[in-house]
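**Q** I am attaching a structure below and will ask some questions about it afterwards.
The values are calculated or read from the model by the stated rules, or taken from the named source; none is laboratory data. Keep in mind that what you see is a predicted model, and the values were worked out from it rather than measured. Positions of Cβ are backbone-derived with ideal geometry, glycine not excepted, and every protein chain shown enters the neighbour counts. Accessible surface is based on the protein model in full, side chains and every heavy atom, while ligands, DNA and RNA are left aside. Shrake-Rupley method; radii C 1.70, N 1.55, O 1.52, S 1.80 Å.
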Amino acid sequence: MISYVRGDATNPQAAGPKIIAHVCNDLGGWGKGFVLAISRRWPEPERDYRDWHRHRAGNDFGLGAVRVVQVRRDIWVANMIGQHGMKTGSAGPPIRYEAVATCLGRLAPEAEALRASVHMPRIGCGLAGGRWERIEPLITEQLSDRGVPVTVYDFD
């Protein structure tokens, strides 16, 4: 089950360990959308993402990859590569649903190991151009059905 609340996903409303999940692009670009809210609170996720991209020849950076970065004693940010490029073109919007599903599947054991709940905006539906009716079932299948509590935040 996914809980829906009004509020800011960078200020998760839950007790215990929390992971804030969001979708990143595969080009190394960080500067628009939800990432700005993350960077206003913590420098570590952007720094880690840029370093991960810079050294991509020797690591797993690419569609479907996830990096979980601790920003506080009880909060982590999951940078999930689920977007190919940054603009809608002849191949459609940048969202890659298969990559998002893979990311969420990789996030589940991380959340389980930390005994963390997962918090997010409507991932993939902003600049990535995705449709929530396609994203929501991926979250349910990869996280909720595995017992990971998920809260989705709609920002006012």
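**Q** Between the DSSP loop rule and a limit of at most 12 other Cβ atoms within 10 Å, which trypsin sites (Lys or Arg not before Pro) in region 5-94 are left?
**A** In loop regions of region 5-94 (DSSP not H, G, I, E or B), the sparsely surrounded trypsin sites (Lys or Arg not before Pro) are Lys32, Arg73, Lys87.
**Q** What do you get for trypsin sites (Lys or Arg not before Pro) in region 91-156 restricted to DSSP loop and a cutoff of at most 11 other Cβ within 10 Å of the site's Cβ?
**A** Here the trypsin sites (Lys or Arg not before Pro) that fit, given the DSSP loop and packing criteria, are Arg115.
**Q** If the chain between Leu27 and Asp60 were fully stretched, how many nm would it gain, using 0.36 nm times the residue separation less the Cα-Cα distance?
**A** Stretched fully, the Leu27-Asp60 segment lengthens by 10.5 nm.
**Q** Might you tell me the accessible area per residue for the chain, computed with a 1.4 Å probe and given in Å²? It would help to have the intermediate numbers written out before the result.
**A** Details: 7870 Å² over 156 residues.
Per-residue value: 50 Å².
**Q** Quick one: dipole size for region 83-156, taken about the Cα centre, charges +1 on Lys/Arg Cβ and -1 on Asp/Glu Cβ, in debye to the nearest 20.
**A** On the way: 8 positive and 9 negative charges, 51 e Å.
Computed charge dipole of region 83-156: roughly 240 debye.
**Q** Can you tell me the dipole magnitude for region 13-143 around its Cα centre, using point charges on the Cβ only (Lys, Arg +1; Asp, Glu -1), in Debye to the nearest 20?
**A** 420 debye
**Q** Same structure, new question: So for the pair Asp51, Thr88, with labels modelled 7 Å out along Cα→Cβ, what separation do we get in nm?
**A** Computed distance between label sites Asp51 and Thr88 equals 3.7 nm.
**Q** Given that compact globular proteins tend to follow 2.2 N^0.38 Å, what is the ratio of the alpha-carbon Rg of region 1-85 to that value?
**A** 1.10
**Q** Can you send over the carbon and sulfur percentage of the accessible area for the chain, probe radius 1.4 Å, protein chains only?
**A** Carbon and sulfur: 49 percent of the exposed surface of the chain.
**Q** Say the dipole of region 1-137 comes from +1 at the beta carbon of Lys and Arg and -1 at that of Asp and Glu; which of Val5, Leu63, Ala91 then lies farthest toward its positive end?
**A** Val5
**Q** What distance in nm lies between label points placed 7 Å from Cα along the C-beta direction at Ser3 and Arg134?
**A** 2.9 nm
**Q** On a 1.4 Å probe surface of the protein chains, which of Asp48, Asp60 comes out largest in accessible area, and what is the full order?
**A** Asp60, Asp48
**Q** Here's something else I'd like to know. Just round it to a whole percent: the fraction of Cα-Cα distances in the chain exceeding 28 Å.
**A** Pairs farther apart than 28 Å: 11 percent.
**Q** Hey, another quick one. Which three extents, in whole angstrom, do the alpha-carbon atoms of region 66-156 cover along their principal axes, largest first?
**A** Largest to smallest, the principal-axis extents are 42, 28, 26 Å.
**Q** Put +1 on the Cβ of every Lys and Arg and -1 on every Asp and Glu Cβ in the chain; which of Val77, Pro17, Gly105 then has its Cα farthest towards the positive end of the dipole?
**A** Toward the positive end, the furthest listed residue is Val77.
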